[in-house]
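**Student:** Let me begin by handing over the structure; questions about it come next.
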Amino acid sequence: MENKIRVLIAKPGLDGHDKGAKIVALALRDAGFEVIYTGLHQTLEQIIAIATQEAVDVIGLSIMSGAHLPICRKLLAMMIKKGLPDIRLVVGGVIPFQDIPALKQMGVAAVFPGGTSFEDINSGMKALFEKER
Amino acid sequence: MPDRSDFIKKILAGDPGAGARMIRLIEADDPQAFGLLRALYPHSGKAFIIGITGAPGAGKSTIINGLITQFRKQNFKVGVIAVDPTSPFSGGAILGDRLRMQTHATDENVFIRSMASRGRAGGLSRATRDAALVLDAMGHHILLIETVGAGQAEFEISYLAHSIGIVVVPGSCDGIQAVKAGILETGDIFIVNKGDMGDADVSAHQLSMVIEMGKARKTGWNPRVIKTHALEGLGLAELAAAFLAHRDFLGTDPDPDKTRKERETLYFNCLVRELAMKKLGAFMETDPAYPEIINQLLAREIDPFTAAEQVFKKIQRKMTHGK
Ligand SMILES: Nc1nc2c(ncn2[C@@H]2O[C@H](COP(=O)(O)OP(=O)(O)OP(=O)(O)O)[C@@H](O)[C@H]2O)c(=O)[nH]1
Ligand SMILES: [Mg+2]
C-alpha cells in the first residue's frame, strides 16, 4: 500500500456554514487525498487532538471570520508545543491578499484565498510534498 | 524514527502521537512495521473488541459516539477505528465518521482513528486488524470498530471482533436482507436505530422472530435486539450493558477457543499469504523471465495455465535454494 497524504479539514470558531470546506474536501478526495472531514465549530484544542490521533500530514483551516491571523498564530504555537511541528498548516476562506505575507511568515505553508481554483489548491497541496521527495 | 525502543515504550504507555504514527507505518506498509508489531504483540490481547456494522447511514457512528459516552462513565479507556470507503476512481477518501464523535475529541482516554478501506470489498484489511493490535497494546480496554456498510463487511468483522452489533433501521427490510445475506449468524446484538423514524417495535419483533428461527448458534449466546434513538442517546446505556454482558458471557464460554481458533487461523493465513505475495512481487519486478513469459502469453505461444505453473515453480525453486 502506498503512503497516501492525509489531510484534516477543519473550521475553527463559530462562523458560517461549511459548504466551501465540504466542496474542497470532495475535490481533494478526487485528487487522491485521504481527507478527514470534521464539520463545523472546532476549538483549536480539538483540532490539535484530531491531528495527533489521525497523524495527518496537513491541517487545512477554512476561516471566514477575519480572525485568520490570530487563529493561525495560536494554532502554530500549539502545534509546536504538542510535538506536531512537521504538520503543514494551510488556510483558505476569506483571506485578504495583503495578509498572505504575514501568514507565510509565521509559518503557514500555503494560503488559498476564496476563489482559488481546485486545480490550484490540488497542485499547491501536492507541491508541499514534492520538495522533500 | 528517533529511537525504536523509545517509540515502543511510548506506544505501550498510550502516547497518542506514537500510536498514531505506528498506524501510519502499518498503512504505508513500511518495512519497519512488521518488527514493531512483533514487539507490541505480547502486550496485546487484552482489549474487548466490538464491531459495529450495518447499511450506510443507519447510524453506526452516532451509536459509537453514544457507546463511548457510556463506556467512559465506567472509566474504560476506549479506542475507535472508523472505516470509510476509498473512492475507486481517485484512490482518495472522505473520512467523516468522527464528525459524529466530536465531543470526545479531547478526552485523553479516547483515541479515534479514521481509516480508508483502500479497495477491500468489506472495508477491513489486515491494516485494520494491525491497527486494532496497536490500540490494544496502548492500553485501551474497549475497541469499537465501524465498518463500511457493505454486505461483505459483516463476515470480515467477525474475524476481528469479539462481539458484533448489526445496526438496522425500522421499515428498511434490513432484517430480511440479513437473513438472505446469511449475516444473522454473525450478529451478537441487533440494534434497531432511529426509533423515532418508524415503527421500531415492529422491526424489533420481526428481527427477534427471525433470530429465534435461526437459532443454531455454536456459541450458545442468545442474540439480543435493542432499540435506540442514537441522536438523543436513548437506549445507549442498555446497549452498552448488552455488549458488556456478552463480554462476560464469552468469559465463561465453555468453548471459547473454537471461534478464537477460526479467527487466529484466518489472520495467520492472511499474513503468510501477504508475505508470499511480496516474494511474488519481488520476482515480477526483478526476474528477466517474467516479461519474457508475458510476451509469450501475448503471442499466444503459451497458455496462461502452463505459464502460471511455470512461474510458481520458479518461485518455489528460488525460495528453497537460497535467496
Ligand atoms: N432521526 C434519527 N436520525 C439519526 C439517528 N441516529 C443517527 N441519525 C442520523 O442519521 C444520519 C447518519 O448517521 P451516522 O451515524 O453518520 O450513520 P452511519 O451508519 O455511521 O453512516 P455511514 O458511516 O455513512 O455509513 C445522521 O444524519 C444522523 O444524525 C436516530 O436515532 N434518529
Ligand atoms: Mg459512519
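The values are calculated or read from the model by the stated rules, or taken from the named source; none is laboratory data. Quick caveat, the model's predicted, so the values are computed rather than measured. Here the Cβ positions follow ideal geometry from the backbone for every residue, glycine too, while neighbour counts run over all protein chains shown. Surface areas here come from the heavy atoms of the whole protein model, side chains and all, with no ligands, DNA or RNA. Shrake-Rupley method; radii C 1.70, N 1.55, O 1.52, S 1.80 Å.
**Student:** Check off (1) aliphatic (A, V, I, L, M); (2) more than 7 Å from chain A (Cβ to nearest Cβ); (3) over 20 Å from the mean Cα position of the chain (by Cα) for B:Ala105 and give me the number that stays unchecked.
**Tutor:** (2)
**Student:** Just checking, does segment A:30-41 include any residue being in a helix (DSSP H, G or I) and within 9 Å of chain B (Cβ to nearest Cβ)?
**Tutor:** For segment A:30-41, residues in a helix (DSSP H, G or I) and within 9 Å of chain B (Cβ to nearest Cβ): present.
**Student:** Can you tell me which condition B:Gly35 does not meet? The list is (1) in contact (Cβ under 8 Å) with a residue 60 or more places away in the chain; (2) away from ligand 2 (no atom under 16 Å from the Cβ), and all the others hold.
**Tutor:** (1)
**Student:** Inside segment B:39-86, can you point out the residues that are among the hydroxyl-bearing types (Ser, Thr, Tyr), within 14 Å of ligand 1 (Cβ to nearest atom) and touching an Asp or Glu at 6+ places or on another chain (Cβ under 9 Å)?
**Tutor:** Correct list: B:Thr53, B:Ser61, B:Thr86.
**Student:** Any residue in segment B:56-65 that is under 19 Å from the mean Cα position of the chain (by Cα) and more than 16 Å from ligand 2 (Cβ to nearest atom)?
**Tutor:** Within segment B:56-65 (the criterion being under 19 Å from the mean Cα position of the chain (by Cα) and more than 16 Å from ligand 2 (Cβ to nearest atom)), the answer is no, since none of the residues qualifies.
**Student:** Here is a follow-up. Within segment B:1-57, count every residue that is more than 14 Å from chain A (Cβ to nearest Cβ) and surrounded by 15 or more Cβ atoms within 10 Å (Cβ to Cβ).
**Tutor:** Selection size over segment B:1-57: 17.
**Student:** Give just the number: which of (1) modelled with pLDDT of 95 or more; (2) within 16 Å of ligand 2 (Cβ to nearest atom) does B:Leu40 not satisfy?
**Tutor:** Single failed check for B:Leu40: (2).
**Student:** If you don't mind, another one. For segment A:16-29, give me the residue count where each residue is within 7 Å of chain B (Cβ to nearest Cβ) and touching a residue at least 60 places away in the same chain (Cβ under 8 Å).
**Tutor:** 1
**Student:** List every residue pair whose Cβ atoms lie under 6 Å apart, where the two residues are 6 or more positions apart in sequence or sit on different chains, the first residue falls within segment B:295-321 and is under 14 Å from B:Ala276 (Cα atoms), and the second residue, located anywhere, is of a type outside the set (S, T, N, Q) and modelled with pLDDT under 90.
**Tutor:** Note: pairs meeting the criteria are B:Ile315/B:Phe283.
**Student:** A:Thr52 fails exactly one of the following numbered conditions: (1) more than 13 Å from the chain's Cα centre (by Cα); (2) closer than 18 Å to A:Leu14 by Cα; (3) polar (S, T, N, Q). What is the number of that condition?
**Tutor:** Unmet condition: (2).
**Student:** May I pose another question? In segment B:87-99, which residue that is within 9 Å of ligand 2 (Cβ to nearest atom) and surrounded by fewer than 20 Cβ atoms within 10 Å (Cβ to Cβ) is nearest to A:Gly32 (Cα to Cα)?
**Tutor:** Restricting to residues being within 9 Å of ligand 2 (Cβ to nearest atom) and surrounded by fewer than 20 Cβ atoms within 10 Å (Cβ to Cβ), the top hit is B:Gly96.
**Student:** Which ones in segment A:60-80 are among the polar types (S, T, N, Q) and surrounded by 19 or more Cβ atoms within 10 Å (Cβ to Cβ)?
**Tutor:** If the condition is that a residue be among the polar types (S, T, N, Q) and surrounded by 19 or more Cβ atoms within 10 Å (Cβ to Cβ), then A:Ser62 is the only one that fits.
**Student:** Now, a different point. Right, B:Phe71: more than 12 Å from chain A (Cβ to nearest Cβ), open to solvent by less than 30 Å² (accessible area, probe 1.4 Å) and at pLDDT 95 or above or not?
**Tutor:** Answer is yes for this residue.
**Student:** Filtering segment A:42-68 down to residues that are among the β-branched types (Val, Ile, Thr) and farther than 28 Å from B:Ala28 by Cα, which residue is farthest from the other protein chains (Cβ to nearest Cβ)?
**Tutor:** Selected residue: A:Ile63.
**Student:** Something else now. I'd like the full set of residues that are of a type outside the set (Asp, Glu) and either open to solvent by 10 Å² or more (accessible area, probe 1.4 Å) or over 11 Å from B:Lys227 (Cα atoms) (or both), limited to segment B:185-199.
**Tutor:** B:Thr186, B:Gly187, B:Lys194, B:Gly195, B:Met197, B:Gly198
**Student:** In segment B:210-222, what residues are open to solvent by 100 Å² or more (accessible area, probe 1.4 Å) and modelled with pLDDT of 65 or more?
**Tutor:** The answer is B:Glu212, B:Met213.
**Student:** Follow-up. Modelled with pLDDT under 95 and more than 12 Å from every other protein chain (Cβ to nearest Cβ): does that describe B:Ser117?
**Tutor:** For B:Ser117, the condition - modelled with pLDDT under 95 and more than 12 Å from every other protein chain (Cβ to nearest Cβ) - is not met.
**Student:** May I ask you to list the residues in segment A:48-68 that are modelled with pLDDT under 95 and assigned to a helix (DSSP H, G or I)?
**Tutor:** Result: A:His68, single match.
**Student:** Looking only at residues that are open to solvent by 20 Å² or more (accessible area, probe 1.4 Å) and of a type in the set (A, V, I, L, M, F, W, C) in segment A:88-100, which one is nearest to the other protein chains (Cβ to nearest Cβ)?
**Tutor:** If we take residues in segment A:88-100 being open to solvent by 20 Å² or more (accessible area, probe 1.4 Å) and of a type in the set (A, V, I, L, M, F, W, C), then A:Val94 is nearest to the other protein chains (Cβ to nearest Cβ).
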